[in-house]
Amino acid sequence: MRQIIKFLGVAFILLSGSRPFSAQSACVFEADRTISGEFDHSEYVVLATPIATAHMPTSADRYFLDGDDTTIRIMKVFKGPPAQSLNVFSENSSGRFPLELNEPYVLFLYQDHGRFQVDNCGHSGLAEKSRSVLRDVRALSVRSAAHR
């Protein structure tokens with residue numbers, strides 16, 4: 001019995017890494033894991049609160065698995081064009097970044113096939129637990145604005 005369970009576990013691990021969907025890797029920005037590196041690679045960096053969520057099915061082209069499309073209300077834009085709200089997609093995969101409604105977050109957003117997403121290996125997180133990240137993002141935002 002133990003051998004069967006062990007075999008099934010190994011088979012699952014091997015097969016789950018070979019699917020033809022987008023979430024082959026849970027982490028997006030492998031090169032530079034610093035806050036400034038993620039800031040540079042992000043299209044938006046914001047302080048925002050999720051206000052609504054809706055389930056999205058697997059995309060017709062099967063690029064995205066099913067997941068949640070969450071509307072965020074933006075309180076502060078540190079990088080990116082001004083916006084009052086955006087939609088953020090979180091795929092049901094190892095790359096998932098779950099967002100709790102009505103909780104403020106610091107979010108580093110990138111776009112993939114027209115959908116904003118969060119790299120779950122990055123520095124995004126609940127604002128109350130991300131005070132040092134928020135401090136660094138504010139400084140990067142000021143520096144970035146000075147160089148425009």
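The values are calculated or read from the model by the stated rules, or taken from the named source; none is laboratory data. If you're wondering where the values come from, they're calculated on a predicted model, not measured in any experiment. Positions of Cβ are backbone-derived with ideal geometry, glycine not excepted, and every protein chain shown enters the neighbour counts.
Some observations on this one:
- Ser132, sole failed condition from (1) in a helix (DSSP H, G or I); (2) in contact with a strand residue (DSSP E or B) (Cβ under 7 Å, 6 or more places away or on another chain); (3) polar (S, T, N, Q): (2)
- Any hit, segment 51-62, residues being polar (S, T, N, Q), closer than 28 Å to Ala139 by Cα and modelled with pLDDT of 85 or more: no
- Residue list for segment 112-138, filter: small (Gly, Ala, Ser), free of Cβ contacts under 8 Å to residues at least 40 places away in the same chain and either surrounded by fewer than 18 Cβ atoms within 10 Å (Cβ to Cβ) or within 30 Å of Ser59 (Cα to Cα) (or both): Gly114, Ser124, Gly125, Ser132
- Taking first residues from segment 89-107 that are over 18 Å from Leu134 (Cβ atoms) and partners that are of a type in the set (Lys, Arg) and outside any loop (DSSP other than H, G, I, E, B), the Cβ contacts under 7 Å between residues at least 6 apart in sequence or on separate chains come to Phe89/Arg115.
- Applying the condition of being closer than 11 Å to Tyr44 by Cα and buried (at least 20 other Cβ atoms within 10 Å of the Cβ) to segment 89-111 and asking which residue is farthest from the chain's Cα centre (by Cα) yields Val106.
- Restricting the first member to segment 34-57 and to residues that are farther than 21 Å from Glu103 by Cα, and the second to residues that are buried (at least 18 other Cβ atoms within 10 Å of the Cβ) and of a type in the set (Gly, Ala, Ser), the beta-carbon pairs closer than 7 Å and six or more apart or on different chains are Glu38/Gly122; Met56/Gly67.
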